[in-house]
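Data block below; observations after.
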Amino acid sequence: MAKWVVLRKSGNFQEIGEKLHISPILARIVRNRGAVGEEETKAYLCGTLKDLHDPYLLDGMDAAVELLGDRIAEKKAIRIIGDYDADGVCSSFILWKMITYLGGNVTVRLPDRVKDGYGLNEQMVEEALADGVDTIITCDNGIAAAGALQRAKDAGLTVMVTDHHEIPFRTEGDTQYYVLPHADVILEPKLARTDIRREDAGQEEFYYPFRDICGAEVTYKLAAAMLGNPDLTDSGENSPEAGLLRELLGFAAIATVCDVMPLQDENRVLVREGLKEASRTENVGLKALLLATGLYGKPLSGYHAGFVIGPCINASGRMENAEKALRLFMEENPVRAASMAEELKILNEERKSLTEQGVLEASGQVEKQKKEQGAIDPVLLLYLPDTRESIAGIIAGKVREKYAHPTFVLTDAEGQPGMLKGSGRSIDAYDMFSEMNTAKDLMEKFGGHKLAAGLSVKKENLPALRERLNNHCNLPPDAFRNVIYVDCILSPGFVTEALVQQMRLLEPCGQGNAKPLFIAAGLSVRSGRIIGKNQNVVRFDAADDHGSGYQFILFSPEGDVNSLLTPGTKIDAVYYPDLNAYNGNVTLQFVVRDWQLSKR
């Protein structure tokens, strides 16, 4: 069972609710998301495109606009080098579309996940030189590609870096100095305000007001600046430049969700408004993808971007090559685009099937370990020889979610006998990258951050690596539990249709702006049944302390659910309220995220 943590941030929710004409419950939820006071609450719920930060607040934007404008005017050959995930595809498309619109001579190169690895490398620089390229622009990568960019500069190329990842640094005493690649211009929201590019102890000032934007949003900011930063609000401009920027806003929104950026500050506005633009897009390729997935003409949510559209884009890079998705968005023929979109959808279905097989096999190894050892290892290292390297990270993430343990999934490296490659996904309490440093002598290569990592290891070293990481892990047993953060304890009797409608102001929900969750305590089950095509849904009625009955639904239940089917059983539940529309009738429905037998 997960650990339930009730958020208890303070505020005058009644007063804020009265001033903003919202429920004090909604005011409490917004406070739990970090907003303080009336003005911040209002901005959180009612922000507009005017609240997007000025592109020129990005350090280097003036120089970028001047340099790129010159290269476009001079018809110099420009090569965009992106990444193979949804953010890389969308950021590359944004740059390509903007430069093409302005009359530039531009091509795009996306890396192959297995053959090239992440981001720019020296081979891609050599390709650009052979093709007569004058200027390289990276997007969603490049800030850590010092070697490859040095080769480009040594060969006389102009280099522009647009990225959003953490900047490499070196430490001297108490000061951390950025280690920046050799480039003519760097657009990176994490660059510090000082010209010598350093962070002194206790000082954290930055040019850009909000650091957590994705690669596509960085390129969107560049596109906005290059296009004259037109006003996109409802009363704004209707120029061709404004129309193009509205199209690109949809791609930036999809990328922001898919790259799991926090939906706070300007990201909330960009995603909310960008998904509106995407839902009515005239981009032939994106429209074809929405038609293929049954979403065209419907309101798009963060769920649609992250779990329907994004996976189709990512499947291209995982199963074949990301340029397949990029070419879809470049396509202008509706018939060809429909065929290409269907291909991506099929690739994603194949990816999902392989992922399910991998998770099943990985879970089998964990259950076998539990049976043989009486418990599972604190750190799971699972070897799946038949799994594709490109989906190891997805499998690791799903196993981590299921067992709440740091998880590595490794498979045989393509074309490298005796070598394993894989990915890890961690829990909040376990700093994966730091812990891997304690066993770096056993790995050929590794990298990552606190919650995710990649590695290469000789097969013969896998047992030693497993032993080292587990012996060094000293987390308490309570750390290996999923945590559910709850907004407050709220009986279903206090939930109204009007409150549910108001809570839609919180959209888009996702990373950093979770869907509101509540605890209902001491519910008494009246009746229940298992429904659904795959018998994977539990619907039950339960009453509160006052005897009022409510309808609850639990999707994909795990473990024994007989208690939810047995009248008289007392339970506590974590839930979120929703509206169920059926045959023209709208009723309240309470969706259960977790439950336990009540101690009341």
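The values are calculated or read from the model by the stated rules, or taken from the named source; none is laboratory data. Predicted, not measured: the structure shown is a model, and the values here were computed from it. In this analysis, Cβ positions are derived from the backbone assuming ideal geometry, glycine residues included, and neighbour counts consider all displayed protein chains. Just the protein is used for accessible areas: all its heavy atoms, side chains included, with ligands, DNA and RNA removed. Shrake-Rupley method; radii C 1.70, N 1.55, O 1.52, S 1.80 Å.
Values computed for the structure shown
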quantity: In segment 110-133, the residues that are open to solvent by less than 40 Å² (accessible area, probe 1.4 Å) and farther than 17 Å from Arg388 by Cβ; calculated: Leu110, Gly119, Leu120, Asn121, Met124, Val125, Ala128, Val133
quantity: Residues of segment 408-442 satisfying the condition of being of a type in the set (Ser, Thr, Tyr) and under 19 Å from the mean Cα position of the chain (by Cα); calculated: Ser423, Ser426
quantity: Subset of segment 515-537 [hydrophobic (A, V, I, L, M, F, W, C) and without any contact (Cβ under 8 Å) to a residue 40 or more places away in the chain]; calculated: Ile530, Ile531, Val537
quantity: Any hit, segment 383-403, residues being of a type outside the set (Lys, Arg), out of contact with any Lys or Arg (no Cβ under 7 Å at 6 or more places or on another chain), free of Cβ contacts under 8 Å to residues at least 12 places away in the same chain and assigned to a loop (DSSP other than H, G, I, E, B); calculated: no
quantity: Listing of strands (runs of 3 or more DSSP E) fully contained in segment 479-577 that carry 2 or more residues being among the hydroxyl-bearing types (Ser, Thr, Tyr) and open to solvent by less than 60 Å² (accessible area, probe 1.4 Å); calculated: 518-531
quantity: Scan of segment 1-55 for residues that are among the polar types (S, T, N, Q) and either in contact with a Leu (Cβ under 9 Å, 6 or more places away or on another chain) or surrounded by 13 or more Cβ atoms within 10 Å (Cβ to Cβ) (or both), ordered by number; calculated: Asn12, Ser23, Asn32, Thr41, Thr48
quantity: Residue within segment 230-246 that is within 23 Å of the chain's Cα centre (by Cα) and not small (Gly, Ala, Ser) present; calculated: yes
quantity: Phe446 open to solvent by 20 Å² or more (accessible area, probe 1.4 Å), closer than 25 Å to Met319 by Cα and at pLDDT below 90; calculated: yes
quantity: Pair list, Cβ under 6 Å, 6 or more apart: segment 444-461 residue under 12 Å from Ser426 (Cα atoms), other residue open to solvent by less than 100 Å² (accessible area, probe 1.4 Å) and among the polar types (S, T, N, Q); calculated: Leu451/Ser426; Gly454/Ser423
quantity: Residues satisfying the stated conditions in segment 500-541, i.e. within 26 Å of Pro24 (Cα to Cα) and hydrophobic (A, V, I, L, M, F, W, C); calculated: Val500, Met503, Leu505, Leu506, Cys509, Ala514, Leu517, Phe518, Ile519, Ala520, Ala521, Leu523
quantity: Subset of segment 256-268 [open to solvent by less than 10 Å² (accessible area, probe 1.4 Å) and of a type outside the set (Lys, Arg)]; calculated: Thr256, Leu263, Glu266, Asn267
quantity: Pairs with Cβ under 8 Å, 6+ apart, first in segment 270-295 and closer than 20 Å to Lys221 by Cα, second acidic (Asp, Glu) and in a helix (DSSP H, G or I); calculated: Leu270/Glu217; Glu277/Glu247; Thr281/Glu247; Asn283/Glu247
quantity: Filtered residues of segment 210-242 (kept if open to solvent by 50 Å² or more (accessible area, probe 1.4 Å), within 22 Å of Val89 (Cα to Cα) and not in a helix (DSSP H, G or I)); calculated: Arg211, Asp212
quantity: Condition broken by Leu382, with the remaining ones in (1) in contact with a Ser or Thr (Cβ under 8 Å, 6 or more places away or on another chain); (2) crowded, with 18+ Cβ neighbours inside 10 Å; (3) over 30 Å from Phe480 (Cβ atoms) satisfied; calculated: (3)
quantity: Hits in segment 219-244 - residues which are of a type in the set (Val, Ile, Thr) and over 15 Å from Lys97 (Cβ atoms); calculated: Thr233
quantity: Test: residue in segment 300-310 that is open to solvent by 40 Å² or more (accessible area, probe 1.4 Å), among the hydroxyl-bearing types (Ser, Thr, Tyr) and more than 21 Å from Leu232 (Cβ to Cβ); calculated: yes
quantity: Single residue of segment 414-443 satisfying the filter (of a type in the set (A, V, I, L, M, F, W, C) and open to solvent by 10 Å² or more (accessible area, probe 1.4 Å)) that is modelled with the lowest pLDDT; calculated: Phe433
quantity: Any hit, segment 1-11, residues being more than 30 Å from Asp560 (Cα to Cα) and in a helix (DSSP H, G or I); calculated: no
quantity: Neighbours by Cβ (under 6 Å, 6+ apart or cross-chain): first from segment 215-241, on the phi > 0 side of the Ramachandran plot; second outside any loop (DSSP other than H, G, I, E, B) and of a type in the set (Asp, Glu); calculated: Gly228/Glu241
quantity: Selection from segment 170-201 of residues that are within 22 Å of Gly215 (Cα to Cα), at pLDDT 75 or above, open to solvent by 30 Å² or more (accessible area, probe 1.4 Å) and assigned to a loop (DSSP other than H, G, I, E, B); calculated: Val179, Leu180, His182, Asp184
quantity: For Arg151: the one exception among (1) of a type in the set (Lys, Arg); (2) at pLDDT 95 or above; (3) over 18 Å from Asn121 (Cα atoms); calculated: (3)
quantity: Among residues of segment 137-151, those that are touching a residue at least 40 places away in the same chain (Cβ under 8 Å) and hydrophobic (A, V, I, L, M, F, W, C), counted; calculated: 3
quantity: Pick from segment 326-362, criterion among the acidic types (Asp, Glu) and in a helix (DSSP H, G or I), ranking: farthest from Leu244 (Cα to Cα); calculated: Glu361
quantity: Residue match in segment 285-297 (condition: of a type in the set (Lys, Arg), surrounded by 23 or more Cβ atoms within 10 Å (Cβ to Cβ) and assigned to a helix (DSSP H, G or I)); calculated: no
quantity: Residue satisfying all of: in segment 17-44; among the small types (Gly, Ala, Ser) and outside any helix (DSSP H, G or I); nearest to Val495 (Cα to Cα) among these; calculated: Ser23
